[in-house]
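*Asks:* Dumping the structure here so I can ask a few things about it.
A short reminder: the numbers here are calculations on the coordinates, not readings from a lab. Owing to the predicted nature of the structure, the values given are computational and were not obtained by experimental measurement. Quick reminder, even Gly has a Cβ in these numbers, built from the backbone with ideal geometry, and neighbours come from all protein chains shown.
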Amino acid sequence: MANHKSSLKRIRSNEAKRLVNRYQSKTARNAVRNLRALDVKEEAAALLPNVISMLDKLTKGNIIHKNKASNLKSKLTKHVASL
């Protein structure tokens, strides 16, 4: 067990940040999955900017790697364009 006040605070703050990151990451993954499942181009085109924004925010917070976000955005854009 931690002995210092600062390490106890760090444990608490790390847990809170972990939960927020996990929630945002799971939400983005669900959005990507839902976008891939769409067959109507208008709906997919409307959802694409929101998904791209989610991925950019995850990248900005170092939750996912920037190349992974770029690959996902590229593939999703190609998918929407092919509908």
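*Asks:* So which residue, out of ASN34, ASN67, ASN50, gets the largest mean-square fluctuation from a GNM of the chain using Cα contacts under 10 Å as springs?
*Replies:* Highest fluctuation of the listed residues: ASN67.
*Asks:* If packing is taken as the mean number of other Cβ atoms within 10 Å per residue, what is the order of 68-80, 18-30, highest first?
*Replies:* Highest mean packing first, the order is 68-80, 18-30.
*Asks:* Can you tell me the order of 7-14, 59-66 when each peptide is scored by its average per-residue count of other Cβ atoms within 10 angstrom, highest first?
*Replies:* Values: 7-14: 11.0, 59-66: 13.9.
For the peptides 7-14, 59-66, the packing ranking is 59-66, 7-14.
*Asks:* Classify the stretch 42-83 as rounded, prolate or oblate, taking a ≥ b ≥ c as the square roots of the eigenvalues of its Cα gyration tensor: rounded when a/c is under 1.5, otherwise prolate if a/b is larger than b/c and oblate if not. Please report the intermediate quantities before stating the final value.
*Replies:* On the way: a/c = 4.92, a/b = 1.82, b/c = 2.70.
Oblate, because a/c is 1.5 or more while a/b does not exceed b/c.
*Asks:* Taking the alpha-carbon distance from LYS5 and a cut-off under 27 Å, which lysines remain once sequence neighbours fewer than 8 residues away in the same chain are dropped?
*Replies:* LYS17
*Asks:* Turning to a different aspect of this structure: So what are the three principal axis dimensions of the chain from its Cα atoms, in whole Å, longest to shortest?
*Replies:* 58, 20, 15
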